Amino acid sequence: MDELLSTVDWSRAQFALTAIVHWLFVPLSIGLSLIVGIMETIYLKTGNERWKRMTKFWMLLFGINFACGVATGIILEFEFGTNWSNYSWFVGDIFGAPLAIEGILAFFLESTFIAVMFFGWNRVSRGFHLTATWLTAAGVCLSAYWILVANAWMQYPVGMEFDPAQMRNIMKSFTEVALSPVAVNKFFHTVLSGWVLGAVFVVGVSSWFLLKKSNVAFAKDSMKIASWVGLAGIVLTIWTGDGSAVQVAKVQPMKLAAMEGLYDGSRGQSLVAFGLLNPDKQRTDSKPAILGEISIPKGLSILANHDADSFVPGINDLINGIAIDEKGDTVNTVSYAERIARGRKAQQALREYDLAMQTGDKTGMAAAAEAIKADFKYFGYGYLESPDEAVPPVALTFYAFRIMVMGGGYLLAFFVMMLLLSYRKPGTLENRWVAFLGLLTIPVVWIVSEAGWVTAEMGRQPWTIEGLLPTRAAVSDISAGSVQLTFWMFVVVFVGLLVAEVGIMTREIAKASKKDILTGE
Amino acid sequence: MLILYYWIKVLTFADGPLQRPDGRKSKTKVLRIYRVCNSGLDASVMKNGENSFFNRALSMYVDGFKSMTVGRKLWALILIKLAIMFLVFRLFFFPDILHENYDTDAQRAQAVRSALASGNEI
């Protein structure tokens, strides 16, 4: 058991490391491709060569990021096959189909048009070049969409049926999987957050030029475009984030309870604005969960249900079987103890199916398959020893959520300030402190962006597939030592990759600061 | 560069001679493109008038790759990265456990069924 838990922990750590590193590159590609597209559109409209040079500079940084980030996601697929073989088999073509579409459609779209973007200046018409730029940006988003479809299915499994003979989930409705409301919301929330990250990057690099008193006009123009993109991005990200909270309240209420450190819910539930989690708090004791709490009255009820007086269940409520239904009404649902019992019943039926299969007993197989189907919704709960195992790590989820939300608030204020300064007092942008703020916001936006993913992924623990497969059942029968070894190898490679990216990028930015980007002299 | 070379070679020869705009097949053009590949990707060997979409696309790639500056470093980085991923990680450290240990899908399904049917003994 200890070896298994260790394998699970190292496999999770490795997956988290890979995903976090992959996510350093992806949102920058999403955001920069949009900003480059806007700048080139202005060039096409105005015919002014300075916009072409601006486009080319940011396109170069987009290219560096794209090259450094390309294929980092492939490692995740290696990990599925080696560390998560039970999971990989169990998900069947549901996971494979979106990833295959991503690979074939989006990747080829990107790689074809990215060549035109970089090599096509003066070789294809301006209109064709601009089309290629926008198609590259669309390709980046399309890639993200199919990956997010796969991720959303893990959070909210729909459109499939489990086949005990193949031991796989078979896709019954591609539309349900591809257009799952969770996938659609996740896509917009994620892509829009990419706009914000790209915009902060452009503002930050421009701030560096201003600190160096180089390419001042270029930096200010870039800041204007980026600040508009960033403002639009952050407003829409907050809006889709609100949609996401409503969805989480309905389909993953345990995640929402963990995000709030909420053990016992109530009607008109307040939202924790500031506070520290009480480290001594146990699920069943009466100690306060939050220390030094400052809360917004009825805030969580409004956030989760758009109804100030609605009931929001806490961790204990959910374990005891009290939740809200799709209309937002409080209902008695299946308690976690019963879920565990029903999950075990489904697993007993699977054992019976297996026995019947060995002896060729078709009637027995059919009966067992029916029994599995009846309780399959709770299949994964059968692996849990107690309801406590179904509670996500509250501290990490709680703090990651707050970093994301507070960071989002800061970024909104940041872009409003940058736009006001850009239009009202452009000279202030050259102020040392303002430029420093712009530069320092670069790491902030990455932390905020990663915190969003930590909230989403830690909040759904212990599940790889919600309710169906916990991490301990999804993992392969391999030694923890082998996973540990590759974990550290990845650390070395990823650090090298980041050093290379940051090195190449800073060298190009430094080189550009020694010439006039707008005239090329 | 090597990959591009073979890619061009496959494109130019696997599909047979290219069609000229007037519909006639021109082996000469194919040979010229082949020369482009063999002459160190020098697009200048293409003569005026050979302005088909294919030729223009080809010369865009050829000239683009030739005039790369930062791009060379990036391609080197991509190739090193892919080599580490596929020739080291994939080959030695990340076997597909089920495909390596079992020959058929039925056996793989059985292995997963046995693992998952053991319930909370996992």
Residues A:Val91, A:Val70, A:Val116: which one is under 20 Å from B:Phe54 (Cα atoms), of a type in the set (A, V, I, L, M, F, W, C) and within 14 Å of chain B (Cβ to nearest Cβ)? A:Val116
Search region A:455-490 for residues being among the acidic types (Asp, Glu) and surrounded by 17 or more Cβ atoms within 10 Å (Cβ to Cβ), and hand back the single one that is farthest from the other protein chains (Cβ to nearest Cβ). A:Glu457
Test A:Asp307 against the criterion of being of a type outside the set (A, V, I, L, M), over 30 Å from A:Ser386 (Cβ atoms) and in a loop (DSSP other than H, G, I, E, B), and give yes or no. yes
Conditions: (1) modelled with pLDDT of 95 or more; (2) within 14 Å of another protein chain (Cβ to nearest Cβ). A:Met357 meets all but one. Number of the miss? (1)
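Looking at A:Thr18, A:Thr55, A:Thr41 in this structure, which one is more than 27 Å from A:Ser513 (Cβ to Cβ), in contact with a helix residue (DSSP H, G or I) (Cβ under 9 Å, 6 or more places away or on another chain) and of a type in the set (Ser, Thr, Tyr)?
Checking each option against the conditions leaves just A:Thr18.
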Meets criteria (within 14 Å of chain B (Cβ to nearest Cβ) and surrounded by fewer than 20 Cβ atoms within 10 Å (Cβ to Cβ)) for A:Glu49: no
If you take the residues of region A:243-288 that are part of a helix (DSSP H, G or I) and basic (Lys, Arg), which of them is modelled with the lowest pLDDT? A:Lys250
Go through region A:491-503 residue by residue and tally those that are surrounded by fewer than 20 Cβ atoms within 10 Å (Cβ to Cβ) and in contact (Cβ under 8 Å) with a residue 24 or more places away in the chain. 4
Condition first: farther than 20 Å from A:Thr486 by Cα, touching a His at 6+ places or on another chain (Cβ under 9 Å), facing chain A (nearest Cβ under 7 Å) and part of a helix (DSSP H, G or I). Can you find one or more residues in region B:63-76 that meet it? no
Hey, can you tell me all the residues within region A:95-125 that are modelled with pLDDT of 85 or more and either over 23 Å from A:Met39 (Cα atoms) or in contact with a Lys or Arg (Cβ under 9 Å, 6 or more places away or on another chain) (or both)? A:Val116, A:Trp121, A:Val124
Pick from region A:108-136 the residues that are among the aromatic types (Phe, Trp, Tyr) and loosely packed, with under 15 Cβ neighbours inside 10 Å: which of them is farthest from A:Leu76 (Cα to Cα)? A:Phe128
Going residue by residue through region A:163-171, is there one that turns out to be under 30 Å from B:Gln110 (Cβ atoms), touching an Asp or Glu at 6+ places or on another chain (Cβ under 9 Å) and among the charged types (D, E, K, R)? yes
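Is it true that some residue in region A:496-504 is on the phi < 0 side of the Ramachandran plot, within 14 Å of chain B (Cβ to nearest Cβ) and not in a helix (DSSP H, G or I)?
There is no residue in region A:496-504 that is on the phi < 0 side of the Ramachandran plot, within 14 Å of chain B (Cβ to nearest Cβ) and not in a helix (DSSP H, G or I).
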Got a sec? Which of A:Ile42, A:Ile35, A:Ile101, A:Ile75 is more than 14 Å from chain B (Cβ to nearest Cβ), of a type in the set (Val, Ile, Thr), within 26 Å of A:Pro157 (Cα to Cα) and touching a Phe, Trp or Tyr at 6+ places or on another chain (Cβ under 9 Å)? A:Ile101
Quick one: is A:Ser295 out of contact with any helix residue (DSSP H, G or I) (no Cβ under 8 Å at 6 or more places or on another chain), buried (at least 16 other Cβ atoms within 10 Å of the Cβ) and farther than 17 Å from A:Val246 by Cα? yes
Testing A:Glu293 on (1) without any contact (Cβ under 8 Å) to a residue 24 or more places away in the chain; (2) part of a loop (DSSP other than H, G, I, E, B), one condition comes back false. Which one is that? (2)
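The values are calculated or read from the model by the stated rules, or taken from the named source; none is laboratory data. From a predicted model like this one, the values you see are computed outputs, not experimental measurements. Note: ideal-geometry Cβ built from the backbone for every residue, glycine included; neighbour counts use all protein chains shown.
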